[in-house]
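The values are calculated or read from the model by the stated rules, or taken from the named source; none is laboratory data. Predicted model, so just to flag it, every value in this text is computed and none were measured. Cβ placement follows ideal geometry from the backbone for every residue including glycine, while neighbour counts extend to all protein chains displayed. Surface accessibility is based on the protein's heavy atoms, side chains included, excluding ligands, DNA and RNA. Shrake-Rupley method; radii C 1.70, N 1.55, O 1.52, S 1.80 Å.
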Amino acid sequence: MMPFKKLGFLGRFLAVTLGVIFCWTTIVTAPSLAARSVTEVKISLGNSAGELKFFPSDLKFMAGQKYKLVLDNPSPTKHYFTAKDFADASWTQKVEAGKVEIKGAIHELELKPGAEAEWVLVPEKPGTYKLYCSIPGHAEAGMTGTIAIANNQ
């Protein structure tokens, strides 16, 4: 590696200028990436009256935005939040339920009566995806929905 003194004035000037630009870019962009805001979306699987529906049933997300899905099951029956294609089109940071944190690919979440879970994710691939409860008869009774990911432009 060439010593700094042998670079000459122009070389030293260029090295210092590039160093300042690199440091400034790091200072300006790093906090914005680390402090990406999280949008919270609450979703109920059924309700206390036992209706077989998602509340809300149609969800809309922006690609590249970070979301925290707060899922709850106020109904007297267990339900599944099944959205494999949506999950494949998203980056999952984590799923938390009780005192358990799960990382990695998630395709379906089972929520027993009274259960709650949080799913932190970033939708990446625009499109419209199916949401349903995979318990036999639930989707046929109306426990379905759509999840749309819009392009962030």
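Quick look at the values:
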quantity: Radius 15 Å from Cβ of Asp72, net charge of other residues (Lys, Arg +1; Asp, Glu -1); calculated: -1
quantity: Net lengthening on full extension, Glu51/Glu116 (0.36 nm per residue, minus Cα-Cα); calculated: 21.6 nm
quantity: Residues with amide H under 5 Å from that of Tyr129, placed H, sequence gap 5 or more; calculated: Ile147, Ala148, Ile149
quantity: Mean Cβ neighbour count within 10 Å, used as a protection proxy, ranking 92-99, 78-85, 109-116 highest first; calculated: 78-85, 109-116, 92-99
quantity: Virtual paramagnetic centre 7 Å along Cα→Cβ of Glu108, amide N under 16 Å, in segment 72-97; calculated: 78-88
quantity: Note, ³J(HN,Hα) from phi for segment 139-144, Karplus 6.51, -1.76, 1.60, rounded to Hz, x at Gly and Pro; calculated: 5, 5, 7, x, 8, 9
quantity: Calculated from backbone phi, Karplus (6.51, -1.76, 1.60) coupling profile of segment 125-133 in Hz, x at Gly/Pro; calculated: 9, x, x, 10, 10, 7, 10, 7, 9
quantity: Cβ-defined net charge surrounding Glu101, 10 Å radius [Lys, Arg +1; Asp, Glu -1]; calculated: +1
quantity: Estimated vicinal HN-Hα couplings, Hz - segment 41-50 in sequence order (Karplus 6.51, -1.76, 1.60; Gly, Pro = x); calculated: 10, 8, 9, 9, 9, x, 8, 5, 7, x
quantity: Rounded accessible area of Ser37 (nearest 10 Å², 1.4 Å probe); calculated: 70
quantity: Residues with amide H under 5 Å from that of Thr144, placed H, sequence gap 5 or more; calculated: Phe54
